[in-house]
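Student: Encoded as structure tokens, here's the structure I'll be asking about.
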Amino acid sequence: MNQQCNRSSDGGMIDRSKIIKFQFDGRAYEGHPGDTLASALLANGVILTARSFKYHRPRGICTAGPEEPNALVTLGRKGRSEPNIAATVIELFEGLEARSQNRWPSLRYDLLAVNSLIKPLLSAGFYYKTFMWPRSFWYALYEPMIRRAAGLGALQNRPDPDRYEHAHIHCDILIVGAGPAGLVAAKEASRSGARVLLVDDQPRPGGYLSGESLEIDGQPGAQWAHEFADELRAMDNVRMLARTTVTGRYDGMTFCAVERVSDHLRARNTKVADLPRQRLWTIHAEQFICAAGAIERPLVFDDNDRPGVMLAGAARRYLNQYGVLPGREVLIFTNNDDAYLTARDLSAAGADVIVIDTRKKAPAAKLLPGRLKVFFEHALTDVSGHNSLSSATMTPLVVKGPKQTMRCDLICISGGWNPTTHLLSHLGQKPQWSQKIAAYTMIDSGSNAFVTGGAAGLFELTQGMEDAAKTGRNAARACGFSTEERSVLPLVSPNSSYAIEPFWRLPKQLSDGSKSFVDLQNDVTVGDLELSEREGFGHAEHAKRYTTLGMGTDQGKLSNVNALGLLAELRDQTLSETGTTTYRPLYGPVALGALAGQRTGAEFAPVRHSAMHDWHAEQGAVFTHAGLWLRPYYYPRGDEGFATAVTREVRAVRSGVGMVDVSTLGKIEMKGPDAGNFLDHLYINSFSKMKIGRARYGAMLREDGMMFDDGTVSRLSREHYFITVTTVNAASVLQHMEFCHQTNWPELDVQFCSVSEAWSAMAVAGPKSREVLERVVEDLAIDNGAFPFMAVGNGTIGGAFVRIFRISFSGELAFEVYTDASYGQSVWEAIMRAGQSLDITAYGTEAMTVMRTEKGHVAGPELDGRTTAADLGLGRMMSQKKDFVGRRMAVRDDLVLDTVKQLVGLKPLLEGASFKMGAHLVEDPTGIGANVSQGHVTTAVYSPACDHFIGLALLSGGRNRVGERLYAVSPLHNEQVEVVVSDPVFVDPAGERTHV
Amino acid sequence: MRYSAGSLLRNALSGQMHWRKVWREPEPKSAYDVIIVGGGGHGLATAHYLARNHGITNVAVLEKGYLGNGNIGRNTTIVRSNYLCPDNIAFYDHSLKLWEGLSQDLNYNVMLSQRGVLNVFHTPAQRDAMIRRGNAMALQGVDAVLLNRAEVGKLVPIIDISPDARFPVLGGLLQPRGGSVRHDAVAWGYARSGDAQGIDIIQNCEVTGFAIENGKVRGVQSNKGPITAKKVAICVAGRSSLVAAMAGLRLPIESHVLQSYVTEPVKPILDTVVSFGAAHFAIVQSDKGGLVFNGDLDGYNSYAQRGNMEVLTSAAACAASFMPCFSRLRMLRHWGGINDMTMDGSPIITKTPVKGLYFNGGWCYGGFKATPTSGWTYAHLIANDEPHELAANYSLSRFETGALINESGSGPVPGKH
Amino acid sequence: MRIDCPWCGSRPLHEYAYSGDATTKRPDAERDADLSVWMDHVYLRDNPAGLHKEYWHHVSGCRSLLVVTRDTTTHLIESVSLAVQPSKGGKK
């Protein structure tokens, strides 16, 4: 085939000296640098590019920008395969592969085009009225059928090989759009010294000018823009981001933008691997200027979706920017002056052009060469052709006159231009209807925001640039910079004017009943909107939701205003009364990978390791996740399994000595004359009168009376306390303490901060623990007399300073050793070496769980935020003599009933039986299905000390039910086990072992 | 007009010209037996069940904006009953049963899609909590299945179940009957049915005050004038505190924004509704092909139906991490709904200190899936002046007595539920 | 959203933790034994649509509790102050 048959011999911003090879649907084509996929396809005469969503109608390229509703393709292969990308935004690169989508078996012959034939059934909202009979068919047939039809392109289930990153940028003035208005505004604002950030979604600045044939200051408009931009770029206080779409405006002058860093470089083998694919910018600005231009809207008439029907501005852009003449026999159908520029340019490029204008007259007609015919008060009907156009008919709108059918290969349509005010609406500002330009504009742009140029509805270039200069100065002034009024505005030739008369649809009597599309992507027709209104869904929001109008990938950029105009007509309202639906972020689609940035896969959240992590790993520890931490779960030896290893570790502690890494505990250092008093407010028990050099178990509540956290509080000196809190609550307890101090008791003279990362901590436990420590601890006597249970003291191990606490979670003689985290591993290893001859055993969190369960100590599963201290058997710790957080709410009537769930122990009735954590306790296991649960198993472990399973449970009225037989049922495991309620302490109830 | 094969065919042949308005647009009468304040899903469901279950049809539903403009139209469409607290399990499972028959009941296809709801867990502690929850469900006769890692991977192949994941998947709890419903259709279906039974649905009618005499409600003031009623029922998710304040009530509620996100439509790739234990994150693929998901609350009081960038990027990070193929899927749009968050994470359906004035609200994350039974039990309360047994514990007094229904266990910090 | 911390300057949202309504004051246990007083403090909220006085905790900054007056319908911040004013002898 004739390669690039539609390419003009000169003009445009493409580099004809270089060839780029690419494929579409497996067929090879050529284009040039500067092309988009769309312009290259058009250059090669490819008209049919896609199938529509519902009716699978053949579709072509409609626009030249990100608002493209039709020409969506799947780009790339394997992990880089990406569906639904508009061909109009894909910069052509060597080796590009694109495929059409939503068709089977091929784009040209699509079987689901049969939907078009049953269109009478598939009206808007048809599914709400049907598929209900018989009921079973919904699941078996209808719903699977609907789901299969869903979606446009397909996503591959493969990981994304590319990288994304997040970055922040601060500026005084953010300007969105580097068209003529944005450029001029940037220049004026930057002259004041303000830091200006100019962002544009195209590869090169110029915006609207890139697609025009006009001249500025004697230069072609696009060239003027490039030189102007170069001057700006040279300024220290101006930064420009190209290929960057500002996708959302958020509260507090925060904006989100996505920069396409390397997509267009992919095939050129530049060092793409070193670059992220895309970069998500968080922009913080003082002032915002919206200079995002305007988007053309189509006209609504019969078969206005045929391949070859294109927006007039897009056709002009293809010619002027890309050197592509998309048609030779051209009908231009318009209700406004702008399309006359297309007529002029296409005609000058050699096309036969006829203009069909719905209006009586057009000021712009004088732009046209005399030979060019204009049919006023006419409309276009009877568009024929299937995969491309063949002819259309010009039909008089008012008086009965002759119709005239003309051959055509391109129909350019223009229904007017909509200012791009999306970013101004994201914070809730509503656009207003302007009769003058027949479009919604933003009169009140909201605080710290300005709008100018086409985005302000200023469609005459000179006027737009004049306003932009003023706006640039105003924005700079709003930031506190001073500006001069002087500015020399560029001279535009020829300056265009803009006049329009709304034309929302073909009058009924002229329509032959063919589909007139309002939303091209979602296949929403005039008939659908009429039906919607007829059924009571006439409100703009109802119509959108009923017909799915504006819900496609283009988010209604082409369709919304036409739909509103149509609804206004149907409801006999003004467009001000109709109002708009809500514009929401994102302005254009953004890959989730870009939004996620670096935070994916293994980097989803940071991993925290204790200082002894390497040692654990060397010993072959199996790790478990605890919040962000990785903690040793158990240390298998040889081919030991989980249960064997844990049992061995527990036995080692109970009979000899073991050591566990408890560095993950939250640690808080507190000082000040009122520290004790403050702690008394926070904990249910008292610390102000505790002896110096002693530690004590403490429990704290939330203000609603529920258990919040537990740990130990030690008094190191008169005004100095050291506090440990649980791993999971480390951050929230500190926050709670600060909140209490700064809001409830600011008068207390106390200071505290987290020292969690500063200290490593290890618990040495077991009857031989003292013997081991005595071999390494210096400067502190730790015999039972000098250093009794709950004593605290300072010493050294191998020269490293240590704080030693004689506290026990395991129920054995035990010491917790704290040291500077940088010595953590060496102190750990020193103790390990000292204990080697006593067979010291490293144990993990599971062995710790077994031992704390044997002792009836509560932990996470019991502190689930729904239990009071009394429920957990800690009621007597609650001081009667002082106020503390949660005191009042903990004793509300229903929390002190005899029937509340209380902590108990459980044993299986039959030795050897086991039961599951998360099992529920019932009296009668046959009652499953009714609500018979009386409690649940919080913890269940095999106890080496008891040599059978034991558990802790929360059981209704549990404390008075010791000895009762119940069933622990786990329907999920199809399991029921008879259990006996017991006291929660299974080992050493008198606590003698800790005191030796 | 009943929807049937006949009515569909007749319209197909006549260019859809015979469909009538789905509901009337009446002006308010001066008096009603019952006024329901709020024309969202719950208000419209309440109206339907007042007529259907209790024969009360002299009812007006007053809606400030357009019908169904609140949370019914801006949620993630998920229905399920996989709760932990017994009251919630019973309530939401009743609701799920009503969902299962709703299209037939309303003669309006709400497009229930029961493709299962899967809660993925990552740690032994999360697993045990899920087992507790699944067993609580099973003990009340609700379907729950425990899956191991491989079974999760088989059911939802796009989940990253590799051990190298930052939070490796350990397993999941599946409720096979869970799924999704076309949300707008629920409002429209209830409205159509209520209207057909004689209930006046009045749009653009904002209640500006309550007429209260001697501790008894007499009606409301509105922008369409005063309207009297024997009973007035508040049902205004997202505005609960503001409307209740007009009757002098102060509630244990904070209003927070929950963002929802929707991606471009793609061919079916995710059949199951999935949530993850490593973060607040749930995702579903709609019948149109878009992936709809949400993450955390923004976390501070808000009546602005929009969210912030921090939560947006976190939610996207969840999607791209748990289901790596979503990295190249593109988000189209995000928005915010106002969740009235109670202090214990469970809703309130109750009489108030004002005689004849009822309150329904505080639905936290559960409002959409609760719609049928919320209407069912609220209608019962309004008709009988006595709570329905399913909602008896959804009282206001529970905060005073301590009989909380603490679904998440996180305490009176609504932003953290 | 950004909050202008009196110590640290204007900082993005993710540095802060929201800490709830700042209009309630914890009752004095000695004086206020009445449950209704505690209900007001722990559970009941005005939850206004408009200006809301609330605590924000600068957890990734100076760790001060700030009292922020913010419009809950627009997220515009009217004022920010420290929950605890520094004592006279202290730094400015």
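Student: Yes or no: the range A:405-415 includes at least one residue that is buried (at least 23 other Cβ atoms within 10 Å of the Cβ), assigned to a strand (DSSP E or B), without any contact (Cβ under 8 Å) to a residue 24 or more places away in the chain and touching a Pro at 6+ places or on another chain (Cβ under 8 Å).
Tutor: No; the residues of the range A:405-415 include none that is buried (at least 23 other Cβ atoms within 10 Å of the Cβ), assigned to a strand (DSSP E or B), without any contact (Cβ under 8 Å) to a residue 24 or more places away in the chain and touching a Pro at 6+ places or on another chain (Cβ under 8 Å).
Student: Now for a different question. Please state which of the following conditions A:Arg876 fails to meet, knowing it meets all the rest: (1) within 43 Å of the chain's Cα centre (by Cα); (2) without any contact (Cβ under 8 Å) to a residue 60 or more places away in the chain; (3) over 22 Å from B:Leu139 (Cβ atoms).
Tutor: Unmet for A:Arg876, out of (1) within 43 Å of the chain's Cα centre (by Cα); (2) without any contact (Cβ under 8 Å) to a residue 60 or more places away in the chain; (3) over 22 Å from B:Leu139 (Cβ atoms): (1).
Student: For the range B:193-221, name all the residues that are hydroxyl-bearing (Ser, Thr, Tyr) and open to solvent by 20 Å² or more (accessible area, probe 1.4 Å).
Tutor: B:Thr208
Student: Among the residues of the range A:891-947, which ones are of a type in the set (Gly, Ala, Ser), in contact with a Phe, Trp or Tyr (Cβ under 9 Å, 6 or more places away or on another chain) and open to solvent by 10 Å² or more (accessible area, probe 1.4 Å)?
Tutor: A:Gly912, A:Ala913, A:Ser914, A:Ala940, A:Ala945
Student: Okay, next question. Within the range A:67-77, does at least one residue satisfy the condition of being part of a loop (DSSP other than H, G, I, E, B) and more than 34 Å from the chain's Cα centre (by Cα)?
Tutor: Checking the range A:67-77: not a single residue is part of a loop (DSSP other than H, G, I, E, B) and more than 34 Å from the chain's Cα centre (by Cα).
Student: Residues B:Ser260, B:Ser222: which one is more than 9 Å from every other protein chain (Cβ to nearest Cβ), hydroxyl-bearing (Ser, Thr, Tyr), in contact (Cβ under 8 Å) with a residue 24 or more places away in the chain and under 23 Å from A:Thr600 (Cα atoms)?
Tutor: Just a single option satisfies the conditions, and that option is B:Ser260.
Student: If you take the residues in the range A:953-975 that are on the phi > 0 side of the Ramachandran plot and either open to solvent by 30 Å² or more (accessible area, probe 1.4 Å) or free of Cβ contacts under 8 Å to residues at least 40 places away in the same chain (or both), which one is farthest from the other protein chains (Cβ to nearest Cβ)?
Tutor: Checked the range A:953-975; the qualifying residue farthest from the other protein chains (Cβ to nearest Cβ) is A:Gly963.
Student: Return the residues of the range B:140-192 that are open to solvent by 10 Å² or more (accessible area, probe 1.4 Å), away from chain A (no Cβ under 12 Å), over 15 Å from B:Gly116 (Cβ atoms) and in a helix (DSSP H, G or I); say none if nothing qualifies.
Tutor: Listed by number, the residues that qualify are B:Arg149, B:Ala150.
Student: Given the residues A:Val733, A:Val713, A:Val772, A:Val750, which is the only one that is open to solvent by less than 20 Å² (accessible area, probe 1.4 Å), within 19 Å of C:Arg63 (Cα to Cα) and in contact with a helix residue (DSSP H, G or I) (Cβ under 7 Å, 6 or more places away or on another chain)?
Tutor: Sole residue among the options that is open to solvent by less than 20 Å² (accessible area, probe 1.4 Å), within 19 Å of C:Arg63 (Cα to Cα) and in contact with a helix residue (DSSP H, G or I) (Cβ under 7 Å, 6 or more places away or on another chain): A:Val750.
Student: In the range A:732-785, which residue that is under 30 Å from A:Gly627 (Cα atoms) and assigned to a loop (DSSP other than H, G, I, E, B) is nearest to the other protein chains (Cβ to nearest Cβ)?
Tutor: That would be A:Val750.
Student: Working only within the range A:5-36, note down all residues that are within 16 Å of A:Phe93 (Cα to Cα), of a type in the set (S, T, N, Q) and assigned to a loop (DSSP other than H, G, I, E, B).
Tutor: Answer for the range A:5-36, where residues must be within 16 Å of A:Phe93 (Cα to Cα), of a type in the set (S, T, N, Q) and assigned to a loop (DSSP other than H, G, I, E, B): just A:Ser17.
Student: Now for a different question. Quick one: how many residues across the range A:78-107 are within 14 Å of chain B (Cβ to nearest Cβ), buried (at least 19 other Cβ atoms within 10 Å of the Cβ) and in a helix (DSSP H, G or I)?
Tutor: So the count comes out to 1.
Student: Just a yes or no: is a residue in the range A:332-342 free of Cβ contacts under 8 Å to residues at least 40 places away in the same chain, outside any loop (DSSP other than H, G, I, E, B) and of a type in the set (Ser, Thr, Tyr)?
Tutor: Looking through the range A:332-342, at least one residue is free of Cβ contacts under 8 Å to residues at least 40 places away in the same chain, outside any loop (DSSP other than H, G, I, E, B) and of a type in the set (Ser, Thr, Tyr).
Student: Still on this structure, I have one more. Would you check which residues across the range C:45-64 are hydrophobic (A, V, I, L, M, F, W, C), within 12 Å of chain B (Cβ to nearest Cβ) and either open to solvent by 10 Å² or more (accessible area, probe 1.4 Å) or touching a Gly at 6+ places or on another chain (Cβ under 8 Å) (or both) and list them?
Tutor: C:Ala49, C:Leu51
Student: What single numbered condition from (1) open to solvent by 30 Å² or more (accessible area, probe 1.4 Å); (2) within 14 Å of chain A (Cβ to nearest Cβ) fails to hold for B:Glu386?
Tutor: Just one mismatch for B:Glu386, condition (2).
Student: Would you call C:Val67 open to solvent by less than 50 Å² (accessible area, probe 1.4 Å), within 11 Å of chain A (Cβ to nearest Cβ), at pLDDT 95 or above and not in a strand (DSSP E or B)?
Tutor: It is false that C:Val67 is open to solvent by less than 50 Å² (accessible area, probe 1.4 Å), within 11 Å of chain A (Cβ to nearest Cβ), at pLDDT 95 or above and not in a strand (DSSP E or B).
Student: Another question, then. The conditions are (1) open to solvent by less than 20 Å² (accessible area, probe 1.4 Å); (2) part of a loop (DSSP other than H, G, I, E, B), and A:Ser213 fails exactly one of them. Which is it?
Tutor: In the conditions (1) open to solvent by less than 20 Å² (accessible area, probe 1.4 Å); (2) part of a loop (DSSP other than H, G, I, E, B), A:Ser213 misses (1) alone.
Student: For the range B:309-367, give me each residue that is hydroxyl-bearing (Ser, Thr, Tyr), open to solvent by 10 Å² or more (accessible area, probe 1.4 Å) and closer than 19 Å to B:Leu404 by Cβ.
Tutor: B:Thr350, B:Tyr365
Student: Tell me, which residue of the range B:304-351 that is farther than 24 Å from C:Glu15 by Cβ and of a type in the set (Ser, Thr, Tyr) is farthest from the other protein chains (Cβ to nearest Cβ)?
Tutor: So, considering only residues that are farther than 24 Å from C:Glu15 by Cβ and of a type in the set (Ser, Thr, Tyr), the one farthest from the other protein chains (Cβ to nearest Cβ) is B:Thr350.
Student: Do we have any residue at all in the range C:30-42 that's more than 11 Å from chain A (Cβ to nearest Cβ), assigned to a loop (DSSP other than H, G, I, E, B) and either in contact with a Phe, Trp or Tyr (Cβ under 6 Å, 6 or more places away or on another chain) or in contact (Cβ under 8 Å) with a residue 12 or more places away in the chain (or both)?
Tutor: The answer is no, given that none of the residues of the range C:30-42 is more than 11 Å from chain A (Cβ to nearest Cβ), assigned to a loop (DSSP other than H, G, I, E, B) and either in contact with a Phe, Trp or Tyr (Cβ under 6 Å, 6 or more places away or on another chain) or in contact (Cβ under 8 Å) with a residue 12 or more places away in the chain (or both).
Student: Among what's in the range C:72-92 and is facing another protein chain (nearest Cβ under 9 Å) and part of a strand (DSSP E or B), pick the residue that is most open to solvent (accessible area, probe 1.4 Å).
Tutor: Residue satisfying both the conditions and the ranking: C:Ile77.
Student: While we're here: Would you say B:Ala233 is more than 9 Å from every other protein chain (Cβ to nearest Cβ), buried (at least 22 other Cβ atoms within 10 Å of the Cβ) and in a loop (DSSP other than H, G, I, E, B)?
Tutor: no
Student: Hey, another quick one. Please specify each residue of the range B:49-81 satisfying the condition of being open to solvent by less than 10 Å² (accessible area, probe 1.4 Å) and in contact with a helix residue (DSSP H, G or I) (Cβ under 6 Å, 6 or more places away or on another chain).
Tutor: The answer is B:Tyr49, B:Leu50, B:Val59, B:Val61, B:Leu67, B:Gly68, B:Gly73, B:Val79, B:Ser81.
Student: If you don't mind, there's one more thing I want to ask. Among (1) within 10 Å of chain B (Cβ to nearest Cβ); (2) farther than 30 Å from A:Ala124 by Cβ; (3) β-branched (Val, Ile, Thr), which single condition is A:Thr582 missing?
Tutor: The one condition A:Thr582 does not meet is (2).
Student: Here's another thing I want to ask about it. So, A:Ala830, is that one at pLDDT 95 or above, of a type in the set (A, V, I, L, M, F, W, C) and open to solvent by 30 Å² or more (accessible area, probe 1.4 Å) or not?
Tutor: Criteria not met by A:Ala830.
Student: Given the condition in a loop (DSSP other than H, G, I, E, B), under 33 Å from the mean Cα position of the chain (by Cα), under 23 Å from B:Arg182 (Cβ atoms) and within 14 Å of chain B (Cβ to nearest Cβ), answer yes or no: does some residue in the range A:128-148 qualify?
Tutor: No, that holds for no residue.
The values are calculated or read from the model by the stated rules, or taken from the named source; none is laboratory data. This one's a predicted model, so the numbers in the text were calculated from it and none came from an experiment. No Cβ is skipped: glycine too gets one built from the backbone with ideal geometry, and neighbour counts run over all protein chains shown. Remember, those area values only see protein heavy atoms, side chains included, never the ligands or the DNA or RNA. Shrake-Rupley method; radii C 1.70, N 1.55, O 1.52, S 1.80 Å.
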